[in-house]
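The values are calculated or read from the model by the stated rules, or taken from the named source; none is laboratory data. Just so it is clear, the model here is predicted, and its values are computed rather than measured. Every residue, glycine among them, receives a Cβ derived from its backbone with ideal geometry; neighbour counts consider all protein chains shown. These area figures cover heavy atoms from the full protein model, side chains too; ligands, DNA and RNA do not enter into them. Shrake-Rupley method; radii C 1.70, N 1.55, O 1.52, S 1.80 Å.
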Amino acid sequence: MKRTDINTAGGSPAQGPGRFNSSTILYLVLLALALVAPAVLYPIFLVKVLCVALFALAFNLLIGYGGLLSFGHAMFFGGASYITGHAMLVWGWPTELGILVGVVFSTLLGVVAGLIAIRRQGIYFAMVTLALAQMVYFIFLQMPFTGGEDGIQNVPRRAVFGFIDIANDTTLYYVVLTIFVFGFLFIYRTIHSPFGQVLKAIRENEDRATSLGYHTTRFKLLAFVLSAGLAGLAGATKVVVFQIATLTDVTWQMSGEVVLMTLVGGLGTVFGPVVGAAIIITMQDYLATFGEWVLVIQGVTFVIMVSLFRRGVVGEIAALINRVR
Amino acid sequence: MPDIVDRSVHDGRLALKVVDLNAWYGESHVLHGMSFDIREGEVVTLLGRNGAGKSTTMRSIMGMLPTRKGSIIFNGKEMISMPSHHIAREGIGYVPEERGIFSSLNVQENLELPPVLKKGGLSTQEVYVLFPALLERRNSQGTKLSGGEQQMLAIARILRTGVKFLLLDEPTEGLAPVIVQQIGGIIHTLKERGYTILLVEQNFRFASTVADRHYVVEDGKIVDRIMNADIASSTEKLRGYLGV
């Protein structure tokens, strides 16, 4: 039997093959919309949404399915962007290798941070990840190659694989969309694999998973490392797009923002982080004229979402559809 | 406590031998030298009142209590200092009182979640033959099951793993009489197939329909042993122990 639950980890009832088809269609429609989107919307805005959405997806893999709230994910996102930026600007590496080295860096950082943090739970886990992220922030602030407050600027946009010219914003968009879809499918497969099932079981009742014979620490560590690597992929892609790696990407505010996006979109839903990222980025971009007030608007949105729509946008819609059925 | 080797109806090998097991929840000392044993193919119950330490004994065997001392020998192997997930992998299937069904997974996913540990486990199809009610419900979410269905699922998913030694913690608790009968039938079937079962029960009438022997637990230790054949003559004594 094919596993068919698509939308929620938290409680979708009976699903048959029909359900599988309807969600496949939904995904194909979304993909089609994504393909024509640059005709309507500003490509660089879309690219920004995609990068941040991938970051939120990576974060959601850890909290939504592993139940681990990391408050230091900016270290992977920002860390990878520095490494990629440096590799491309100073070492002159091609785009694809630059991104790869960023991902490798964040994955390795994920192993180290994971080994330290994974033994604690709940608020202690969050605090350990925050502390580690602050250390990483400090290191990047002090290291000469990161350019301190200036960051790494003017990272070149080299043709991908030597022939896909990403100086053109529309081409760039399709390249980033490809990376995003790859990341999305990777996460989708992970969640729906036996590994993902065990992860959900651990989130729900770790004792029980242990007494069934699972070494739960190992599963949580792997989830942490995968999440770190994918967050790095998002950060590395972002530096290619914006040609700059800055301290903003490694600050704790960045770690907080990804929590916000995931909660607004729907924790533990497959598509929630994407919607959450789109909402938050849209607010930041289109309400930019309000200046600092954007933060207040974001705060109010967050409070309303958490108090009235705890499942987030996608979670609430999925719950509504289930009720109607 | 006299010597712990019972005049057992079985001559099978010792499956589990617990000697002088002490366990603590933080500061509070909850097991005070539990000693008992089970031979292969036996069904043995731990009877006792609420809070006597029956479930704690099971949790302690599984290594789920922070501190434990004494000796737990399973298939000739000392397990007292083993981590919990290794204990499960040695071949003990634990079905907890709260059943531990994962609510974010459906019946089929719950069934297929536990790792297959040994050869000779039931296939998913065989499980459904044994538990036809689960087949009908296989796409239902874990939370949407009745108590009886949850209990069946909790037992069923252990059978896939291939372990032959089961710890069942109050499988009949809160269930309708007809379901209790079904659970009794399942325990009989498992016994016929050579499973060894340690059962925690408060309901000794039910226990007497499935078990070979009974241990009475009080204040974290064994205070009496009763062969199932003698249960009719021990009814008064048991009433005293269980306060029913």
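What the table below lists for this structure:
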quantity: Filter result for A:Ala126 (more than 20 Å from A:Leu233 (Cα to Cα) and either open to solvent by 40 Å² or more (accessible area, probe 1.4 Å) or assigned to a helix (DSSP H, G or I) (or both)); calculated: yes
quantity: Any hit, the stretch A:248-267, residues being in contact (Cβ under 8 Å) with a residue 60 or more places away in the chain, open to solvent by 10 Å² or more (accessible area, probe 1.4 Å) and within 14 Å of chain B (Cβ to nearest Cβ); calculated: yes
quantity: Subset of the stretch A:178-213 [in contact with a helix residue (DSSP H, G or I) (Cβ under 6 Å, 6 or more places away or on another chain) and more than 14 Å from every other protein chain (Cβ to nearest Cβ)]; calculated: A:Ile179, A:Phe180, A:Gly183, A:Ile187, A:Thr190
quantity: Residue in the stretch B:113-133 that is facing chain A (nearest Cβ under 7 Å) and assigned to a helix (DSSP H, G or I) present; calculated: no
quantity: Considering residues of the stretch A:114-123 that are assigned to a helix (DSSP H, G or I) and open to solvent by 10 Å² or more (accessible area, probe 1.4 Å) only, the residue modelled with the lowest pLDDT; calculated: A:Gly122
quantity: Residue list for the stretch B:182-230, restricted to those being charged (D, E, K, R) and open to solvent by 10 Å² or more (accessible area, probe 1.4 Å); calculated: B:Lys191, B:Glu192, B:Arg193, B:Arg205, B:Asp212, B:Glu218, B:Asp219, B:Lys221, B:Asp224, B:Arg225, B:Asp230
quantity: Residue among B:Arg59, B:Arg68, B:Arg7 that is at pLDDT 90 or above, under 24 Å from B:Asp224 (Cβ atoms) and open to solvent by 40 Å² or more (accessible area, probe 1.4 Å); calculated: B:Arg59
quantity: Within the stretch B:47-56, considering residues that are closer than 24 Å to B:His85 by Cα and of a type outside the set (Val, Ile, Thr), the one surrounded by the most Cβ atoms within 10 Å (Cβ to Cβ); calculated: B:Lys54
quantity: Residue within the stretch A:222-229 that is modelled with pLDDT of 95 or more, away from every other protein chain (no Cβ under 11 Å) and closer than 30 Å to A:Asn168 by Cβ present; calculated: yes
quantity: A:Phe242 vs. criteria away from every other protein chain (no Cβ under 14 Å), open to solvent by 40 Å² or more (accessible area, probe 1.4 Å) and at pLDDT below 95; calculated: yes
quantity: Pick from the stretch B:89-112, criterion open to solvent by less than 60 Å² (accessible area, probe 1.4 Å) and without any contact (Cβ under 8 Å) to a residue 40 or more places away in the chain, ranking: farthest from the other protein chains (Cβ to nearest Cβ); calculated: B:Glu90
quantity: Pick from the stretch A:155-197, criterion among the basic types (Lys, Arg) and over 18 Å from the mean Cα position of the chain (by Cα), ranking: least open to solvent (accessible area, probe 1.4 Å); calculated: A:Arg157
quantity: Residue among A:Val104, A:Val136, A:Val111 that is part of a helix (DSSP H, G or I), within 23 Å of A:Cys51 (Cβ to Cβ), open to solvent by 40 Å² or more (accessible area, probe 1.4 Å) and out of contact with any His (no Cβ under 6 Å at 6 or more places or on another chain); calculated: A:Val104
quantity: Verdict on A:Ile152 being in contact with a helix residue (DSSP H, G or I) (Cβ under 8 Å, 6 or more places away or on another chain), crowded, with 17+ Cβ neighbours inside 10 Å and over 22 Å from A:Leu33 (Cα atoms); calculated: yes
quantity: Helices (runs of 4 or more DSSP H) completely within the stretch B:145-244 that count 3 or more residues being within 16 Å of the chain's Cα centre (by Cα); calculated: B:147-159, B:177-192, B:204-210
quantity: Qualifying residue in the stretch A:93-105 (condition: more than 21 Å from A:Gly268 (Cα to Cα) and small (Gly, Ala, Ser)); calculated: yes
quantity: Out of B:Thr143, B:Thr172, sole residue that is within 14 Å of another protein chain (Cβ to nearest Cβ), under 19 Å from B:Gly100 (Cβ atoms) and either touching a residue at least 60 places away in the same chain (Cβ under 8 Å) or out of contact with any Gly (no Cβ under 6 Å at 6 or more places or on another chain) (or both); calculated: B:Thr143
